[in-house]
Amino acid sequence: MRGGGQPSKVRTFMGHPMPQTQRLEPPPPDSQVRFRLRKLLSVAKSHKRALILTHDNPDPDAVASACGLAFLLDQAARVHAQAAYGGIIGRAENKALLKVLHLPIVAVGKIDTRHFDLVCLVDTQPEVGNYSLAARAAPQLVIDHHPARPASLLSAFHDVGGPAGATSTLVSQYLRAAKLVPGPALATALFYGIKSDTRDLGREVEGADVDCYNWLFPYVDKQALSRIEHPQVPGRYFAAYHRAYERARLHGKGQGVIVDMGEVYVPEIVPEVAEKLVSLERLRWSLATGAYRGELYLSLRLNDRRINAGRLVREICAPLGGSAGGHGAMAGARVPLSGRPPSKVAEEVAEAFLRAFHVRTGPGVPLVPQT
Ligand SMILES: [Mn+2]
């Protein structure tokens, strides 16, 4: 309960008190958002064409915030804006997001980036290194809820570090401050961006997320949202899960689980499996790895609030030449294989994590009893 010991006055259904277990940062005051919006628009207005880039293999939050910022720049700054991503969109939910909502985002390889005089980054930051852009094109505008990186502060406009559980929240705040109402497709995308990044407002969530979630809700196309959240999946999806469960090994008397999924058909299945496994009873952490197009993807999920996933993954992956991102309870990275067998690199990574968790290195025990 908030405020130390005072009984809650809030009554809900049948007179039961409303549970107030979450301590959230309050959303920023409107005046602060309006101030930042003015700065954002003043930076944008001197330009003609904006490129808005997400991190590679974008998740729903990245896609939605890119499209949201494009809408904002188009409407409020009269700058023609194009949202784009590197890598692929492979996860069924993410594919459905684009297909069901017809979002105006394209693969960056399909456009000539020289035509743009304003470069914006969303849901990532310069120096994270997980986006597809020539080094010479330094981003002038950066919006990201992940912890602030020093290089972002060099951009003409930056809104980094939150507090917000999703970049879609930051973009929604600007739309609201600009008195722009998103159409059903964009509203649904932003809503799903917040919902998926905060695991239904249950993890790494702040007051600003709840606020924007509620603001967006009436504009959401509920049928479209349902189709996105319950997509059809290819047969390979089940094969990948089957293999993951079969290969998952418990370490440190069941405090952690590690699975090397081998070659994966889409990189996003690696975080998805890490997420699934961390729901195991009494588990403190899960690590999933999988190889895709010459790189090892890895995802870490934590139930342990004493450890910062983002920092840990960066520490372990930087010496391996990888690019990493993430925050408190979830983080991921890509490590170049450089011709080495994926299983070898996966083993190295697994051992580094076991040492970091002070768990004895070794094969561990199978999660699923081998028949
Ligand atoms: Mn995000």
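No value in this document is a laboratory result; all are computed from the given coordinates. The structure displayed is predicted, hence computed values, not measured ones. Because the Cβ atoms are built from the backbone with ideal geometry, glycine has one as well, and the counts that use them run over all protein chains shown.
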The simple spin-label model distance between residue 181 and residue 315, using points 7 Å out along Cα→Cβ, in nm, is 5.0
Chain lengthening between residue 282 and residue 263 when straightened (0.36 nm per residue, less Cα-Cα):
4.0 nm
Using Cα positions and a limit of under 15 Å, work out the aspartates and glutamates in reach of residue 344, with same-chain residues fewer than 8 apart set aside.
260, 263, 295
Equivalent ellipsoid semi-axes - Cα gyration tensor, region 54-207, angstrom:
21, 18, 16
Spatially proximal lysines relative to residue 195 (Cα-Cα < 29 Å; intrachain offsets below 8 disregarded):
9, 39, 95, 99, 179, 222, 276
Give me the one-decimal nm value for the distance between modelled label points at residue 38 and residue 203, 7 Å along each residue's Cα-to-Cβ direction.
4.0
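I want the antiparallel fraction of DSSP beta bridges within the chain, as a percent rounded to 5.
Working: 25 of 50 bridges.
That works out to approximately 50 percent antiparallel.
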Check each of the trypsin sites (Lys or Arg not before Pro) in region 99-197 and keep only those in coil by DSSP with at most 11 other C-beta atoms within 10 angstrom; list them in order.
136, 179
Per region 235-360, sqrt(5λ) over the Cα gyration tensor eigenvalues, sorted largest first, in Å, gives 20, 18, 13
Calculate, for residue 246 and residue 217, the FRET efficiency according to 1/(1 + (r/R0)^6) with r their C-beta to C-beta distance and R0 30 Å; round to the nearest 0.05.
0.15
Trypsin sites (Lys or Arg not before Pro) within region 211-291: which are DSSP loop residues with at most 13 other Cβ atoms inside 10 Å?
253, 282
In sequence order, calculated HN-Hα J values of region 311-316 (Karplus, 6.51, -1.76, 1.60; Hz; x Gly/Pro)
5, 4, 5, 4, 4, 7
Using R₀ = 45 Å, calculate the FRET efficiency as 1/(1 + (r/R₀)^6) where r is the Cβ-Cβ separation of residue 112 and residue 275; round to 0.05.
0.75
Separation between the residue 30 and residue 368 pseudo-spin-labels, each 7 Å from Cα along Cα→Cβ, expressed in nm?
5.4
For residue 229 and residue 305 in one chain, what is 0.36 nm times their gap in residues minus the Cα-Cα distance, to one decimal in nm?
24.6 nm
If the elastic network links every pair of Cα atoms under 10 Å, which of 94, 57, 303 fluctuates the most in the Gaussian network model of the chain?
303
What does region 289-341 give for Rg and for Dmax, in Å, if only its C-alpha atoms count?
11.3, 36
Rounded if a/c under 1.5, otherwise prolate or oblate - region 71-114, Cα gyration tensor axes:
oblate
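Scanning the chain for GluC sites (Glu not before Pro) in DSSP loops with at most 15 other Cβ atoms within 10 Å, what's the longest stretch left with none? Intermediate results must be reported in sequence, preceding the final value.
Values: sites that count: 127, 281.
Longest gap between qualifying sites, sites excluded: 128-280.
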Across 231, 163, 29, the residue with the highest GNM fluctuation in the chain (Cα network, 10 Å cutoff) is 29
In Å and on Cα atoms, what radius of gyration and Dmax does the chain show?
21.0, 66
Given H placed 1.01 Å from N in the peptide plane, which residues other than close sequence neighbours of residue 142 have an amide H under 5 Å from its amide H?
121, 157, 158, 159
Among 61, 30, 123, the residue with the largest mean-square fluctuation in a Gaussian network model of the chain built from Cα contacts under 10 Å is 30
DSSP-loop trypsin sites (Lys or Arg not before Pro) across region 33-95, with at most 15 other Cβ within 10 angstrom:
48, 78
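Set the Förster radius R0 to 45 Å, insert the Cβ-Cβ distance between residue 361 and residue 138 as r into 1/(1 + (r/R0)^6), and round the FRET efficiency to 0.05.
Numbers: r = 41 Å, r/R0 = 0.92.
Efficiency computed from Cβ-Cβ geometry: 0.60.
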